[in-house]
Amino acid sequence: MTTTVETPELIEPEEPGGPDGHGPSDHGHGGEHAEHGPTGLLKWLTSTDHKVIGKSYMITSLVTFFISGAMALVIRAQLANPTSSLVNFQTYNELFTMHGSLMLYLFAGPFAFGGLANYIVPLQVGAPDMAYPRLNALSYWLYLGGASMMTLSFVVAGGAASFGWVAYAPLSNSINSPGAGTDMWLMSLGLTGFSAIFTGVNLVATVFYLRAPGMTMFRIPIFSWNMLVTGILILIAFPVLFGAVVMLFCDRHFGTHIFSVQGGGVPVLWQHLFWFFGHPEVYILALPYFGIVTDIIPVFSRKPLFGYRGMVFATLSIAALSTGVWAHHMFTTGVVLLPFFSLLSYLIAIPTGIKFFNWVGTMWGGQLSFQTPMLFSIGFLFAFLMGGVTGVLLASPPVDFMTHDTYFVVAHFHQVLIGTTVFAGFAGFYFWYPKMFGRMLNERLGKIHFWLLFIGFWLTFIPQYIVGLKGMPRRVADYLTSNGWTGLNQLSTVGAMVIGVSFLFFLVNLVQSWRKPVLAGDNPWDGGGLEWFTSSPPPHHNFTHLPPIRSERPVWDYNHPEHRKDESHGDKRHREHEKETVGASS
Amino acid sequence: MRISGTFLAAIGFFFGVIALIYWFTAYEDAGFLMLIGSAILGLLPGGYYLWWSRRMRPLEGDVDDADMSDGAGVIDAFPGSSIWPFLLGMGALFAALTFIFGLWLAPIAAALGLSAVIGGVIESRRGGAV
């Protein structure tokens with residue numbers, strides 16, 4: 001049944017000096033707007049509510065995260081000893097391929113743009129739902145179909161795909177990789193690719209057209225900004241991937257020769273197509289998480305974000321540049337223009353540097369409090385800094401020629417991706433969990449989770465840099481004692497196990513929050529975005545009332561009228577107030 | 001509306017410039033075509049929005065000092081729960097499986113997909129879009 005939704009009513013804040021620090025939970029949420037749809041399993045199957053879909057996305061992507069993490073542990077166990085025979089070589093190839101594929105295609109992206117963004121973006125911009133709710137539901141079902149197909153490809157004859165997550169031609173053709181596992185891998189990318197495209201369309205339309213009155217583009221929280229830019233990047237990148245997948249499928253089954261030399265095709269074309277998707281994909285995986293951290297740090301520093309517009313333009317430049325750097329993954333093919341791609345890759349360091357500067361600037365002089373989301377955000381800063389610096393090294397062709405396809409590269413991209421998707425991703429999860437489920441996660445367990453993860457993370461990947469520089473290639477299932485890589489690999493394995501243990505604390509935390517709920521209230525962290533104005537969890541269609549939106553922290557302005565920072569040039573009363581506060585502080 | 005249009009058009013313009021630089025330095029077809037495609041992807045909707053933004057009053061979401069009362073009234077009609085996206089998704093899944101495991105799966109895919117399309121259309125009509 002279609003329902004029309006009206007604009008929420010305005011609720012004016014108390015004048016300065018009035019009661020503050022509390023959300024407006026007594027203003028009659030729910031009630032008339034409650035959903036009268038089906039319940040139970042049928043509710044999950046039929047819901048078009050962005051909150052239900054967002055939660056489904058998050059649960060599914062976390063399940064793939066744990067499956068894929070378990071594969072990583074098996075890989076590390078195999079590499080703990082030279083000439084190990086824990087798994088055979090074919091299984092090992094399948095494991096690292098599926099570890100990469102599940103993590104990149106099915107966890108990292110969907111967790112951010114399907115899970116957190118689906119849930120949070122409409123709340124942050126003051127919208128009742130995503131712009132196209134049924135398309136949103138379709139996205140999830142395509143994603144679930146693709147995810148199940150890829151995960152289940154282990155059980156078909158011939159096993160899962162085993163050519164690495166990048167599926168380079170000609171290794172991925174029908175002679176070198178026969179079997180249904182590879183086809184399932186390709187089709188799964190087709191399904192999840194379309195799911196991502198639909199979500200991208202939804203995000204862009206929602207942020208462009210469903211903003212609440214007064215929520216101008218330069219007032220939406222940075223997380224929503226980054227999701228808008230991510231949506232556009234998805235629209236640029238995923239159609240190329242889909243095209244490439246269709247071409248490869250035709251090569252495998254319909255006798256075309258697009259990627260095979262025998263028929264006049266060009267194998268390196270696959271790399272061009274794949275990385276034209278693949279490098280924007282890296283930023284599709286990074287930008288949402290930058291946004292999460294940018295929303296968290298001001299809340300736990302009790303300061304407004306330092307350099308809002310700088311952040312927006314840094315996001316835009318990162319996104320724009322990311323589409324012009326694809327061939328830095330192909331330096332060693334010898335057929336790409338090194339200076340062009342090297343220069344553009346170096347340039348990305350500038351907007352990323354601006355972001356770092358602004359994050360540090362936001363914390364500078366703030367009243368920092370180190371709750372779990374903030375700890376994870378700071379963990380992200382360290383991890384991403386290390387990953388970013390080694391990334392700048394790899395943008396240099398001479399260094400890349402030395403280290404290409406070694407464990408140095410493996411350590412680099414794991415530091416970038418774990419920094420973003422795991423540290424920042426779980427920062428966002430701990431941060432918004434109270435909003436999504438109305439209950440808190442345990443701080444103590446959260447902190448244990450963080451510290452174990454943080455220690456395990458460095459212990460795993462610093463040795464990998466060194467062993468990479470010593471010459472250990474990636475994607476090998478064993479090595480010799482005489483290589484001298486044993487000690488470092490063992491350290492790395494211990495680190496990986498510590499990471500594995502850290503997630504047990506996360507699971508315990510989840511179970512505990514369900515068995516002994518600690519209610520969260522509307523605004524447990526005293527956040528400033530609109531998502532903290534509604535109840536936890538929000539009612540159907542999100543808002544019955546909204547505060548006036550005059551800055552990028554409308555809820556902070558509402559709860560703390562004495563600190564109101566007003567950027568509206570039309571509202572003289574507030575401007576006078578701002579002048580006074582500025583005058584007093586300078 | 002104007003800012004969204006400018007934003008998309010700027011993306012298109014940027015990729016146009018990069019595409020030209022790339023073509024005249026690298027002389028490589030695939031990358032050039034993909035960059036041109038990205039440029040068009042930005043310019044088409046961007047140009048369309050800019051065209052309309054001059055003929056429409058600004059959205060309340062783009063007005064600095066707009067209040068909820070300025071946007072009072074119906075935002076839009078939103079669908080309630082619907083089974084059709086699920087069936088369409090499963091139809092797509094079976095269509096993909098058809099390519100791998102053979103044509104015997106095609107009737108299932110067609111049945112799911114067609115029923116979802118028909119059901120979705122009927123649902124939209126009955127729900128009465130605004």
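Annotations for the structure displayed:
- Residue, nearest to the chain's Cα centre (by Cα), within region B:102-112, restricted to residues that are open to solvent by less than 40 Å² (accessible area, probe 1.4 Å) and farther than 12 Å from A:TRP141 by Cβ: B:ALA109
- The single condition among (1) modelled with pLDDT of 95 or more; (2) farther than 17 Å from A:PHE356 by Cα that A:LEU375 does not meet is (2).
- Within region B:97-114, the only residue that satisfies the criterion of being among the small types (Gly, Ala, Ser) and within 11 Å of chain A (Cβ to nearest Cβ) is B:GLY102.
- Among the residues of region B:52-76, those identified as of a type in the set (A, V, I, L, M, F, W, C) and more than 19 Å from the chain's Cα centre (by Cα) are B:MET56, B:LEU59, B:VAL63, B:ALA66, B:MET68, B:ALA72, B:VAL74, B:ILE75.
Yes/no per residue for (1) within 10 Å of chain B (Cβ to nearest Cβ); (2) open to solvent by less than 10 Å² (accessible area, probe 1.4 Å); (3) within 26 Å of B:ALA26 (Cβ to Cβ); (4) part of a helix (DSSP H, G or I):
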{"position": "A:PHE218", "(1), (2), (3), (4)": "yes, no, no, yes"}
{"position": "A:ASP251", "(1), (2), (3), (4)": "no, no, yes, yes"}
{"position": "A:PHE274", "(1), (2), (3), (4)": "no, yes, yes, yes"}
{"position": "A:PRO280", "(1), (2), (3), (4)": "yes, yes, yes, yes"}
{"position": "A:ILE284", "(1), (2), (3), (4)": "no, yes, yes, yes"}
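- Those helices (runs of 4 or more DSSP H) lying entirely in region B:1-101 with at least 3 residues open to solvent by less than 30 Å² (accessible area, probe 1.4 Å) and farther than 28 Å from A:SER317 by Cβ: B:84-101
- Summed over region A:188-206, residues that are without any contact (Cβ under 8 Å) to a residue 60 or more places away in the chain and among the aliphatic types (A, V, I, L, M) total 3.
- Residues that are at negative phi and in a loop (DSSP other than H, G, I, E, B), drawn from region A:83-119: A:SER84, A:SER85, A:LEU86, A:VAL87, A:ASN88
Table: residues versus (1) in contact (Cβ under 8 Å) with a residue 40 or more places away in the chain; (2) surrounded by fewer than 22 Cβ atoms within 10 Å (Cβ to Cβ); (3) among the basic types (Lys, Arg); (4) touching a helix residue (DSSP H, G or I) at 6+ places or on another chain (Cβ under 9 Å).
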{"site": "A:ILE354", "(1), (2), (3), (4)": "yes, yes, no, yes"}
{"site": "A:GLY365", "(1), (2), (3), (4)": "yes, yes, no, yes"}
{"site": "A:GLN371", "(1), (2), (3), (4)": "yes, yes, no, yes"}
{"site": "A:SER377", "(1), (2), (3), (4)": "yes, no, no, yes"}
{"site": "A:ALA383", "(1), (2), (3), (4)": "yes, no, no, yes"}
{"site": "A:LEU393", "(1), (2), (3), (4)": "no, yes, no, yes"}
{"site": "A:ALA411", "(1), (2), (3), (4)": "yes, no, no, yes"}
{"site": "A:ALA424", "(1), (2), (3), (4)": "yes, no, no, yes"}
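- Within region A:522-554, the only residue that satisfies the criterion of being closer than 30 Å to B:SER81 by Cα and open to solvent by 40 Å² or more (accessible area, probe 1.4 Å) is A:PRO537.
The values are calculated or read from the model by the stated rules, or taken from the named source; none is laboratory data. Since this is a predicted model, take the numbers as computed values, not measurements. Please note: Cβ atoms are built from the backbone with ideal geometry, for glycine as well, and neighbour counts cover all protein chains shown. For accessibility, only protein heavy atoms count, side chains too; no ligands or nucleic acids. Shrake-Rupley method; radii C 1.70, N 1.55, O 1.52, S 1.80 Å.
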